[in-house]
Each structure stands twice: as structure tokens, then as C-alpha cells.
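Scroll down for the structure; my scribbles are underneath it.
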Amino acid sequence: MTTILPIDQMIDAARGTISRDIFVSPEFHKEELEKLFTRAWLFVGHESQIPNPGDFFVSRMGEESVILCRDTKGAVHVFLNSCRHRGMKVCRYESGNTSLFVCPYHSWSYTTDGKLQGVPLYRVLYEGQLDRSEWSLIEVPKLHLYKGTVWASWDAEAPDFMTYLGEAVDHLDQVLDCRDGRPGGSEVIGIHKWILPANWKFAAENFLGDTYHNPSHRSVDMIGIGPSARAGQTGRRDNEYNKGQHVWVSYPQGHGVHSVWMPEEFDYQAGYQQYPIVDEYFRHCFHERKKRLGDKARIMPFTGNLFPNTSYHGRQPRGLCVWHPHSPTETEAWRFFLVDSDAPAEVKDVLRRFYMRYSGPAGMTEQDDMENWLYATKASTGTIARRYPFNYQQSMGAYKRNDQIPGDVSVQITEQNARNYYDVYARYLKGDTWDSLLGRGEAARQAAE
Amino acid sequence: MTGRHTLSWFALKQEVEDFLYMEADLLDQRMFWEWLDLLAEDIVYFMPIRRNVKFGQHAEKENTKQGEGISWFDEDKWTLGKRVEQILTGVHYAEEPLSRVTHMVSNVRLLEVSPSPEEATNVVVGSRFLVYQNRVEYETNTFVGRRIDTLRRNGDSWLIARRELILEQNVLLAKNLSILF
């Protein structure tokens, strides 16, 4: 599986230049859909959305609609949302509970484990020809449940999800685990879906560790919208990390995170001023977490992106985003907001209100991101613009391998995460083996450096 | 409330319509602080997210609910004040340069009047909105939906005590909701 695109010229991670074409050209878009989204592990949803047998949630994987479903026996499946007969979507509700998915077109029906059950006039029209067992809904060959989250890949040869996730797991855990350190235990309290007229990789890259874009959020930092803003504090979050060392870490599989490595001795930083119950709750969680996790409690999460298109915010706010490409210049963005399912009602209420004013198209912080991504995309489509690559030379070489924590660790703001991400991206587009995609091949590692 | 009405009912309806048009004009003229003055201190400003649900489940599941989970807006006067403050920093790039906005308000109906049209202190008014936003050069959004406002008498004028905005979209087709409704 080779490509005609001159990828190595266009993505030169060693020199720190990347062609604008990968953000705007239909050819790259097509290659991504065929070679990247058909192989990589993608986030599909959360088990809290489908707690009971028969529950379903319609999600997306890249450009395609999929059904996340818990069958009547309790097993979780992900199906392509398209009838095997003429392709009609078998489900156009966003979520619900059912015992059958009935296609509106010719009424073929499927059970919650994907099996074709009902074919109208079967005996008269199909007897002896149609073997129903061969015409189930198309199901992902690889599925993994991790601490409530559901992930899938269309590639039967894909490595298991934990190998794919690699050492980025320590950071993802900080998003998915209870605030007091118990494993898992989160729930989705709501979902944003919106269209942004920008290339999806701008969004992924933003979360991957682009801390350099902080000035674009000056307006919220000036006025203060954080959990303590009602008490007069400026900024867009509480400062939980002021004693920690910020770290930007990249991984051979293409993931990148921005976290904070706290000192050996560190104490709870009060927050949520004006909400004493919430502050007390987080203080309690902080100490419990330290007891439970020991040294690992020193990792506190900001943001990250799990290759290719699942981003997260770790604490303030807290949730997962997925960037689904519609075209080179249009993306469907989904955000899943998370809280601990057993958090007190007052805590959940303060958090959801903060999430809403911070995040997404109605969020005061992220509106400015959307503006940047839109006009960065638009201003890169021109013939002249596309002759000039983007600059990714920030903090070249300024990282150390496995420094305190695993991964390629930078202690200064860096584009190393992005250089690494696009290097892995290039390998997908060249159709490399899984060994190379996981960064196991020596050539791959050298290229990354 | 349909049927035959008294003159005082029509007078009240006209007064309420004038108020809504004046309020819309303040937003379109970018007189944001003056607009905030029309909001009651305890205002609820709510725009649910709409979902595609099976027939028969609309009342229960179509719209996200105020006071729980995630909606487009579920906020109070403090947060709306922050939105105004942010626009007026001059560095809120999603509204810098400022969008051009026109609020059309129509289908105005008095849904509840208390205690009476003559002495009304509380009015629930239904309307439709069509909000046109154009920003920078080519970016244009049209937001259409229903609005249910609760107005509270304030001397010669009114205060908006509750605004519910039912936007007729599922996936939001605009990149941002950076304007006020």
C-alpha cells in the first residue's frame, strides 16, 4: 500500500517544516480516510451512555456513522450504521433502548448483537439464496473497553488498545479515574456536537501540547471565568499547579500530552472559592488520591491528544473531544463532558456550569480557538500560501527520553509533540507496518529524532 | 391565549412587543451594558441542546433540561455579564472584529398574563427569533428558533426574568455561539 503523495517532502519533522497541503488538500483528506481512520484506534463513546441491555448511542468513526450498543446479553458492540441491503442508516436516533434496529427502507431488521433477523417476504423472495448469518451489521473487528471508555479500530491486525495507548496511559488515567484516585468511575453528563469550518488536525494539535497559543485566550484570562472567578479571581481556571513542573511529553505511537509533574511534597491548592462544599470535596479527593497513587499522584493533567483525533482536558474542565473530518476544511466536533458519577450533586452542578462557560462553541475560552482554526485553514488554501510550509521549529531537540516520567519529556513549551505526531501521521499515510506505526522500527525512531 | 381580547390586552401586547424590539435593537447596536440592565438579577438564560428522538419521546427527551447536564446555555446574570465584559476587552478574537448582527423577533404572543392585562406585573411571552450574523468577510450564520420569555414589570418598562431559546438545530451548524440572543 503505497502513496503517490510526496509525503516525506511535505512532512519534514527533522527540519521542522510541514506543508500546508496536509491541512487543506482533498488528496490528503482522502488518504487520511483510507489509511489512517481505517487503522488507528478511535474513541467511540462511554459505557455510562449505554448502562442497560438494549441501550444504544449513535457515534461516529471518522466520516462514518456507527452504533455503540449493549446487546440483550450485556456485551458491547460497535456497528457501522448502514443496512447491508441498500445502505440506509438503520438508526437515526441519537440514543435509546431497543431490541431491534429496523431499517426504514425495506424493513430488514437486526438484533442488538448485529445479526440479521427479519427479511420481509423471506420465504417467497430469498429462500435458498440469502444466508442471513452472512449479512449481519458490519462490526468493528477490534473493540476495547477502558475505564468506561469505548475504543474501536477497523483493522483486524491492529495491536491491542493498551499497546497502542502505551505509556500515555498514565495521563489518560488522570482524566478517567475518580478524583480521589479510584480507577474509572466517570460518567458522561452531556455532549456537544458542532461543525467547525477548519481542518480537524488544528484541533488535535491544539490539545496535543500547543501551550504556545495561550495568548489567544487573553480575554478570558483578563476577565476571569474560572471556578473562583465569582470571588474576583482572574484567569480561566484555578491555579492548582503553581508548584509543579510543566511537562510536554510525546510517545512513539503519536500521542502527546501536556501535564504537570508535582514536587515530591505538595499540598492541596484551595480552589472553588465561594463553593466551600466543592472545595472541601476536592481537598478530600486530593489527599485520598495521594494515599492511593503514591508517586503517580504527582502527575496532574492539563490536555492531551491520543493519536489521531481524541483529545482531552484533564481537570478544569474535564472531558474528551473527538474531531471527525467531514472534508479537508470542515470538521464535526464532539465533546463528552465527564464527572465522577458518585460526586455530590453540588459538585456536579458547579462543574457543569464551569464546563459550559469554558468549552465548545458557547464556551468563552474555546470560541477563540475556533476562530483561529477557521481562519488558519482558510488562509492556507491559496496557491501561493500552499507554497510555504508551516514552521514547527520550536524547542527543537529540547527534550529528554524518560526524564522522571516515561516518554520524550520537554520541560519547556515545545512543538516536539507536534513534530512527533506528524511523523507518525506520515507513516500511516505511507501504509507502514504496525511495528513502524508503534514506533518500534529503528528507522521510525531515528526519523522522530 | 387566543380569541377575543380587550383593549387593555392589546395595549399590553403592544407594550411587550415594543420592549422586545427595543431590547433586540440594543444588542444589534452593540449597547451591551444597556442590554444587561434589562435582565433581572435572577435571570435564567437557557438554550437546550436538541436531540433526535423516537416518536413519542419528544416531551421527555428531545431537549436537554435546565438545571442538569450540559446545554448550549444554562446560565445566570453573572455569566452573561462576563460574556459582555469579554466582548468589550477587544481581544476576544471570536468577536474581534465585532460581528454584524440583526435580531428579527416575530410571532409575538402573550402566553400568560398576571394578575390582569390592566395591572400586569408578570407576562410570559412567546416569539420566534431569526438572528443573522455576519462576521469578518464571508462568515454568515442564521439562527432560527422559538423563544419563551418571562417579563417582570419594572416601572415603565420590564425586566427579563427568564429566557428560553429553542434553537432549531441538532448538530450546531455554526462554529460558535459568540453572540447574545
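Annotations
- When Rg and the Kirkwood Rh are both derived from Cα coordinates, the Rg/Rh ratio for chain B amounts to 0.97.
- The relative contact order of the range A:42-144, computed from alpha carbon pairs under 8 Å that lie at least 6 residues apart in sequence, is 22 percent.
- Counting only other chain Cβ atoms within 10 Å of each residue's Cβ, the peptide A:242-249 averages 0.
- Where only C-alpha atoms are counted, convex hull volume of the range A:42-144 per residue in Å³: 99
- Which of A:Thr38, A:Trp248, A:Gly209, positive extreme of dipole for the protein assembly as shown (C-beta unit charges): A:Thr38
- Rounded Å value of the spacing that divides the Cα centres of the range B:23-90 and the range A:152-189: 34
- Backbone N under 19 Å from the A:Lys243 label point (7 Å along Cα→Cβ), restricted to the range A:293-320: A:293-302
- As a calculated quantity, the FRET efficiency between B:Val84 and A:Ser133 at R0 = 51 Å, using C-beta atoms, amounts to about 0.25.
- Paramagnetic label reach from A:Phe390 (point 7 Å along Cα→Cβ; backbone nitrogen cut-off under 11 Å): within the range A:18-51, residues A:18-24.
- Share of pairwise Cα separations in the protein assembly as shown, more than 49 Å, in percent: 15
- Listing B:Thr2, B:Thr121, B:Thr64 from fewest to most neighbouring C-beta atoms within 10 Å gives B:Thr2, B:Thr121, B:Thr64.
- Look at the dipole of the protein assembly as shown built from charges on Cβ: of A:Gly181, B:Val16, A:Cys83, the Cα furthest out on the positive end belongs to A:Cys83.
- Across peptide A:209-219, the average count of Cβ atoms from other chains found within 10 Å of a residue's Cβ is 2.
- Candidates A:Leu100, A:Leu293, A:Leu130, ranked by Gaussian network fluctuation over chain A, Cα under 10 Å, top entry: A:Leu130
- The residues packed around A:Ser228, meaning those with a beta-carbon under 12 Å from its beta-carbon, carry a net charge of 0 if Lys and Arg are +1 and Asp and Glu are -1.
- Peptide B:70-76 has a mean of 6 when you count, residue by residue, the C-beta atoms of other protein chains within 10 Å of its C-beta.
- Residue of B:Glu85, B:Glu139, B:Glu15 that the Gaussian network model of chain B assigns the largest fluctuation, springs spanning Cα pairs under 10 Å: B:Glu139
- Cα-projected label distance for A:Tyr122 with A:Asp342, points at 7 Å along beta-carbon direction, nm: 4.5
- Three principal axis lengths of the range A:270-365 [C-alpha, angstrom, descending]: 46, 31, 22
- For chain A, modelled as a GNM whose springs connect Cα atoms under 10 angstrom apart, the maximal fluctuation among A:Gly184, A:Gly304, A:Gly128 occurs at A:Gly128.
- Taking the range B:7-167 and dividing mean pair separation by its residue count, relative contact order in percent (alpha carbons under 8 Å, at least six apart): 24
- Exceeding the 19 Å Cα-Cα cut-off - candidates A:Lys35/A:Lys89; A:Lys35/A:Lys142; A:Lys201/A:Lys378; A:Lys89/B:Lys175: A:Lys35/A:Lys89; A:Lys89/B:Lys175
- Chain A: relative contact order as a whole-number percent, Cα under 8 Å and 6+ apart: 21
- Residues of the range A:204-226 with amide N under 15 Å of a point placed 7 Å along Cα→Cβ from A:Tyr375: A:215-219
- Unit charges at the beta carbon, dipole of the protein assembly as shown: most positive-side option, A:Ala229, A:Gln269, A:Pro317: A:Pro317
- Beta bridges per DSSP with both ends in the protein assembly as shown, % antiparallel, nearest 5: 95
- Alpha-carbon centroid distance for the pair the range A:340-397 / the range A:208-254, whole angstrom: 12
- Integer Hz, Karplus 6.51/-1.76/1.60 couplings in order for the range A:366-379, x for Gly and Pro: 7, 4, 6, 4, 4, 4, 4, 5, 4, 6, 5, 5, 4, 7
- When each of A:Lys30, A:Lys89 is scored by the number of other beta-carbon atoms lying within 10 Å, the sequence from fewest to most is A:Lys30, A:Lys89.
- Beta bridges per DSSP, both residues in the range B:7-167: antiparallel share near 90 percent.
- Rounded to the nearest 20, the Cβ-based charge dipole of the protein assembly as shown about its Cα centre (Lys and Arg +1, Asp and Glu -1) stands at 820 debye.
- Isolated Cys residues of chain A, judged by Cβ distance under 4.7 Å to other cysteines: A:Cys69, A:Cys91, A:Cys178, A:Cys285, A:Cys321
- Residue ranges B:168-178, A:38-48, A:159-169 sort as A:38-48, B:168-178, A:159-169 when ordered by packing (mean number of other C-beta atoms within 10 Å per residue, highest first).
- Ordering A:Cys69, A:Cys83 by the number of other Cβ atoms within 10 Å of each residue's own Cβ, fewest first, gives A:Cys83, A:Cys69.
- Only Lys, Arg, Asp and Glu carry charge here, each on its Cβ (+1 for the first two, -1 for the last two); on that basis the range A:42-144 has a dipole of about 180 debye about its Cα centre.
- Its Cα centre serving as origin, the range B:7-167 has a Cβ charge dipole (Lys and Arg +1, Asp and Glu -1) of approximately 720 debye.
Here, each number is a calculation from the coordinates, and none is a lab measurement. Source: prediction; values computed, not measured. Quick reminder, even Gly has a Cβ in these numbers, built from the backbone with ideal geometry, and neighbours come from all protein chains shown.
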